[in-house]
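Have a look at the structure below, then the notes.
The values are calculated or read from the model by the stated rules, or taken from the named source; none is laboratory data. Keep in mind that this is a model prediction, so the values were computed, not measured. Backbone-built Cβ (ideal geometry, glycine too); neighbour counts: all protein chains shown.
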Amino acid sequence: MRTCFTLPDGYVEEDYVNLYANRRIYRNLNIASFLIGAAVIAVGWLWRGVDGLLSLLKRGISDYALWLLLLCVCVIAYLALHELTHGLCMRLFSGIRPHYGRKGVLLFTGSEAYFSRRDYIVTALSPVVIFTILFALLSVFLRDEWFWLVMALQLANLGGAVGDYYMTYRALRQPKSALFHDSGVAVTIYTEKR
């Protein structure tokens, strides 16, 4: 099945997933995000140590405060770029403009289209793949204090995409003909009537 604008005849709702409303899934995803974040910090520590951050502290509180401010700006910019990447894929696959929103502190992207399983998985994973490669390349070439800024962005990238990983897992368990309607806050999965 290809991505489409209206639900084809013979399709029925198979599953409905709202990561925000299901407290158990939401809690488990937060635990997974924390564990991924701890792993990113451990890799950074083993790879480059914390000497760069310590030298930044020794230069004075104003340099450290500036670094923290830059980190906050970069994380906010990254989160917006993450959602824009989802939106670009949605637009590419469906031809219609996605919508963007915020629920609490979380940003989301949704669409009125019904995405094929392949298109949905590519849309879900594209930001984490693109930014993992970008941040990994940057971390190789930057000095130690900037390395940790990129590692913090990598942490936001890998740890913040747990919902995307989970929905990819759910999509892979569906038949290839399944269709996915992603409102941004919830995903409804449709399959052919048996």
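Within this structure, Asp182 fails the test of being closer than 21 Å to Ile31 by Cβ and not aromatic (Phe, Trp, Tyr).
Of the helices (runs of 4 or more DSSP H) lying entirely inside the range 80-172, those containing at least 2 residues that are more than 16 Å from the chain's Cα centre (by Cα) and free of Cβ contacts under 8 Å to residues at least 40 places away in the same chain span 117-141.
Under the condition of being of a type outside the set (Gly, Ala, Ser), more than 23 Å from Leu19 (Cα to Cα) and in contact with a helix residue (DSSP H, G or I) (Cβ under 9 Å, 6 or more places away or on another chain), the residues counted in the range 68-96 number 6. Of all residues in the range 137-171, those satisfying the criterion of being touching a helix residue (DSSP H, G or I) at 6+ places or on another chain (Cβ under 7 Å), more than 17 Å from Cys74 (Cα to Cα) and of a type in the set (A, V, I, L, M, F, W, C) are Val162, Met167, Ala171.
Can you spot a residue in the range 51-63 that is of a type in the set (Val, Ile, Thr), out of contact with any Phe, Trp or Tyr (no Cβ under 6 Å at 6 or more places or on another chain), loosely packed, with under 15 Cβ neighbours inside 10 Å and within 20 Å of Leu138 (Cβ to Cβ)?
Here is the first cut: in the range 51-63, the residues of a type in the set (Val, Ile, Thr) are 61.
Now drop any that are not out of contact with any Phe, Trp or Tyr (no Cβ under 6 Å at 6 or more places or on another chain), which leaves 61.
From what's left, loosely packed, with under 15 Cβ neighbours inside 10 Å: 61.
Then drop every residue that is not within 20 Å of Leu138 (Cβ to Cβ), which leaves none.
Scanning the range 51-63 turns up no residue that is of a type in the set (Val, Ile, Thr), out of contact with any Phe, Trp or Tyr (no Cβ under 6 Å at 6 or more places or on another chain), loosely packed, with under 15 Cβ neighbours inside 10 Å and within 20 Å of Leu138 (Cβ to Cβ).
Regarding Leu88, is this residue within 20 Å of Tyr165 (Cβ to Cβ), modelled with pLDDT under 95 and of a type in the set (A, V, I, L, M, F, W, C)? Walk me through how you get there before you give the answer.
Values: within 20 Å of Tyr165 (Cβ to Cβ): yes; modelled with pLDDT under 95: no; of a type in the set (A, V, I, L, M, F, W, C): yes.
Answer is no for this residue.
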